[in-house]
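Take a look at the structure set out below.
Nothing in this text is a laboratory measurement; each read-out follows from the coordinates by a stated rule. Owing to the predicted nature of the structure, the values given are computational and were not obtained by experimental measurement. As a convention, Cβ positions derive from the backbone with ideal geometry for all residues, glycine included, and neighbour counts pool all protein chains shown.
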Amino acid sequence: MIGKNKLPKINSRNQVAKSRLFTIEQLELTFSNGEERQYERMVGSGNGAVMIVPMLDADTILLVREYCAGTHSYELGFPKGLIDPGESPEQAANRELQEEIFYGSKQLKFLSQVMMAPAFFNAKMDIFVASDLYPSMLEGDEPEPLDVVPWPIKDYKALLRQPDFQEARSIAALMLSVDYLSPSKLSNQD
């Protein structure tokens with residue numbers, strides 16, 4: 001049974017810290033049962049983000065290997081980026097493709113929206129599959145060229161075992177795209 005909890009009342013909201021990417025807020029909350037708690041949350045700036053699973057052809061996905069400051073390592077994942085002011089998620093997805101892998105897409109299919117650590121962070125990311133790619137290059141904000149890595153989609157399980165393919169949103173995007181590209185046999189059963 002799914003509970004029907006009432007959202008807690010926000011009694012106060014105070015900024016604890018701020019960077020160019022995040023604001024940390026402290027919330028004083030009262031829950032419907034009278035319990036009071038203090039929570040902290042990160043509030044992202046901007047309009048959300050996108051991640052794209054580019055299909056070079058029906059059998060090949062394209063990944064990028066890029067530097068990740070959080071782990072001070074190079075990680076394999078899918079093209080991604082923030083949605084700029086005035087952009088739709090689809091426009092942002094097509095722009096990021098052109099900046100990161102030097103392809104545009106004539107067909108973007110929205111798969112899902114995911115959240116990263118919703119217990120303390122409000123960031124949302126729209127995931128797309130891009131097909132019907134065409135060569136197109138835009139200048140991006142990456143400090144160095146990204147390695148573009150083609151991967152056979154049928155070998156997605158080997159990709160999941162790659163030691164540099166660990167980012168949870170990329171794993172979610174991979175599994176959503178595998179499901180989208182090869183519908184489950186269970187979909188015909190009710």
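Observations on the structure shown:
- For segment 1-50 and segment 51-72, distance of Cα centres in Å: 32 Å
- For the chain, the longest principal axis of the C-alpha atoms and the axis of helix 168-181 are separated by about 50°.
- Translational diffusion coefficient (Stokes-Einstein; Kirkwood radius from C-alpha pairs) of segment 53-190 at 4 °C, 1.567 mPa s, in µm²/s: 82 µm²/s
- Per-peptide average of other Cβ atoms within 10 Å, ordering 30-36, 166-172 highest first: 166-172, 30-36
- Candidate lysines - alpha carbon under 17 Å from residue 80, same-chain residues fewer than 8 apart omitted: 109, 124
- Per-q log10 I(q)/I(0), segment 1-83, q = 0.12, 0.25 Å⁻¹ (Debye; single scatterer per alpha-carbon; no solvent): -0.66, -1.18
- Relative contact order for the chain, counting Cα pairs under 8 Å that sit 6 or more residues apart, in percent: 20 percent
- Mean residue ellipticity at 222 nm, helices only, the chain: -5000 deg cm²/dmol; runs of at least 4 DSSP H residues each add -39,500 (n - 2.57), and the sum is divided by the number of residues.
- Of the residues 76, 115, 89, the one whose Cα sits farthest toward the positive end of the charge dipole of segment 49-182, with +1 on the Cβ of Lys and Arg and -1 on the Cβ of Asp and Glu, is 115.
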